[in-house]
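The values are calculated or read from the model by the stated rules, or taken from the named source; none is laboratory data. Computed from a predicted model, the values in this text were never measured in an experiment. A quick note on method: Cβ atoms are made from the backbone with ideal geometry, for glycine too, and the neighbour counts reach across all protein chains shown.
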Amino acid sequence: MDMQFVNSFKSYQKVGNFWCDLYPLTKMIICFSVGLSTIVVADWRYGFAWCLFYFLFAALAGCGKKFAKVFLVLFVVIGLFLTVIRQIGARDVNTTVMFSLFGWKWHLESFVIAMNINSYMLGFAGAVLLFFNTTAMRDIMYSFEMLGVSHETSFIMLSSMQNIIDLRKTSVTILESQKSRGIETDGNVFLRIKAFFPTIGPLMLGAFSSTEEKSIAMDARAFSVDRKHTYIRELEPMTGKEKLLSAAFVVALVALLAARILLSILK
Amino acid sequence: MAKQGKVNKLALFLIPIGIAVNFIGGQIAILLKLPLYLDSIGTIVVAALCGYWPGIVVGLVSNILNAISSPTTLFYAPLNMAFAIVAAFLSQKGWFKSIWKTLVSSIFFALIGGGVGACITWIVYGFDFGSGTSTIFSIPLHEVVGLPKFLAQFIAESGIDVLDKVITVLCCFSIFKAIPTRFLSKLPLGHVYIKDADKVLEEAE
């Protein structure tokens, strides 16, 4: 078992899934090209078709539930809310009544406007969500380091994620401690604002005081040494096929943008 | 003052803390059921203590990490970066040493957060109202008061941001006051907050 674990680091890290095993930069180019293309096209048929693809890819990558949970929250917060707002805000274009809801007439024109905006908001958001849900941050930073980005940048990204988890726990402890010594966290808004200060202050000062020790500990592991770094986990470099795939998505995005500009000029 | 290399490294280690504080500040606000964002304390503190670039990095990375759960925050990344630029500039000028100047600085932050934020919302949401909490105020301002849509959005977002930024800068002010001098002396802009630091530096020279 131990040797199996050791040997797992001798070859490129793979999980046996087509989408997950793509090089992080390939996935990033594909996802961002698709996401940006939904903004360029801004048509509900195009945007929502991609949203269905996101669900499919997330399910194939084994994170369908996790993706659906976050995406559906966005759908409610952005999608449904915006649809209602446009029925109020975009009345000047309305002529066709769709239905009446307790005497409130819903119009087709403002509904289509809302759907078009929703399609690119959710189309872009879905692409970003798919990327982050199917790519580990350490793999993203590894691929950036291969491009020449400094290891300090990787440290900032990865350490931030760990710090969020650590400080969240500390903030709950501080808040509970402050409650136990009599600080009121319920009541009117000013009482609650007053409780914010004794929570965030110790949290930040405590985190600051740990930076010097961290700095020494990191230096003990040669963090500041200006030499080529080695990696315990290595990813397979971008293959020729992946480069071709990435280039195809970028070309398609540029073509869509050119077509969109041309159409708006001709109009 | 410490050696330049040491200063840079401490600033580097403060960046992840600033990013985490941006997140946790927002979460404590939710825990306390406050109708405020309070998600830029880390950016302002790091920019005021370490300068422009560390602050800008805190602002940018905070929005990138936020995008993992809420991708639309990516559109608002320039706001957090602008907070860092303003905070570093005002810190160099010594604004955060006085409570009154600190309170006045909240107007600049509110104008960026609310004003520029309203412009971003206006563009992103197809030159109309957005879908944030500000619509609770912007729609009545348009429908009842009769203000143009953009002005209604601008006033609503700026209004919400004023209270948010007043609390934020007061928080930052109390943190600057509480940081030990020994720690401040190792930070790029820490000398601004040390009493008589200029005199000591002149004497040393």
Qualifying position, being within 11 Å of chain A (Cβ to nearest Cβ), in contact (Cβ under 8 Å) with a residue 12 or more places away in the chain, in a helix (DSSP H, G or I) and over 23 Å from A:Asn116 (Cβ atoms), among B:Ile167, B:Ile139: B:Ile167
Residues being assigned to a loop (DSSP other than H, G, I, E, B) and more than 7 Å from every other protein chain (Cβ to nearest Cβ) - total across region A:176-188: 7
Region B:150-164 - residue that is over 14 Å from the mean Cα position of the chain (by Cα) and crowded, with 19+ Cβ neighbours inside 10 Å and, of those, farthest from the other protein chains (Cβ to nearest Cβ): B:Ser158
Boolean, A:Arg86 is in contact (Cβ under 8 Å) with a residue 24 or more places away in the chain, within 11 Å of another protein chain (Cβ to nearest Cβ) and of a type in the set (Lys, Arg): yes
Enumeration of residues in region A:84-125 that are in a helix (DSSP H, G or I), among the aromatic types (Phe, Trp, Tyr) and over 23 Å from A:Leu36 (Cβ atoms): A:Phe111
The listed residue being touching a helix residue (DSSP H, G or I) at 6+ places or on another chain (Cβ under 7 Å), without any contact (Cβ under 8 Å) to a residue 12 or more places away in the chain and among the polar types (S, T, N, Q), out of A:Ser119, A:Ser143, A:Ser180, A:Ser160: A:Ser160
Matching helices (runs of 4 or more DSSP H) fully within region B:20-116 where at least 2 residues are closer than 28 Å to A:Gly123 by Cα and touching a residue at least 40 places away in the same chain (Cβ under 8 Å): B:52-66, B:77-92
Some residue of region A:149-156 being assigned to a helix (DSSP H, G or I), outside the structural domain of A:Met28 (by TED's automatic domain parsing) and touching a Phe, Trp or Tyr at 6+ places or on another chain (Cβ under 6 Å): no
Residues being among the small types (Gly, Ala, Ser), out of contact with any helix residue (DSSP H, G or I) (no Cβ under 6 Å at 6 or more places or on another chain) and part of a helix (DSSP H, G or I) - total across region A:209-233: 4
Selection from region A:35-47 of residues that are assigned to a helix (DSSP H, G or I) and either among the charged types (D, E, K, R) or surrounded by fewer than 23 Cβ atoms within 10 Å (Cβ to Cβ) (or both): A:Leu36, A:Ile39, A:Val40, A:Val41, A:Trp44, A:Arg45, A:Tyr46
Single match in A:Phe81, A:Phe9, A:Phe57 (criterion: farther than 30 Å from A:Val250 by Cβ and either among the charged types (D, E, K, R) or in a helix (DSSP H, G or I) (or both)): A:Phe81
Set A:Leu235, A:Leu191, A:Leu203, A:Leu245: member being without any contact (Cβ under 8 Å) to a residue 60 or more places away in the chain and more than 7 Å from chain B (Cβ to nearest Cβ): A:Leu191
Residue within region A:160-175 that is more than 9 Å from every other protein chain (Cβ to nearest Cβ), in a helix (DSSP H, G or I) and within 29 Å of A:Ser33 (Cβ to Cβ) present: no
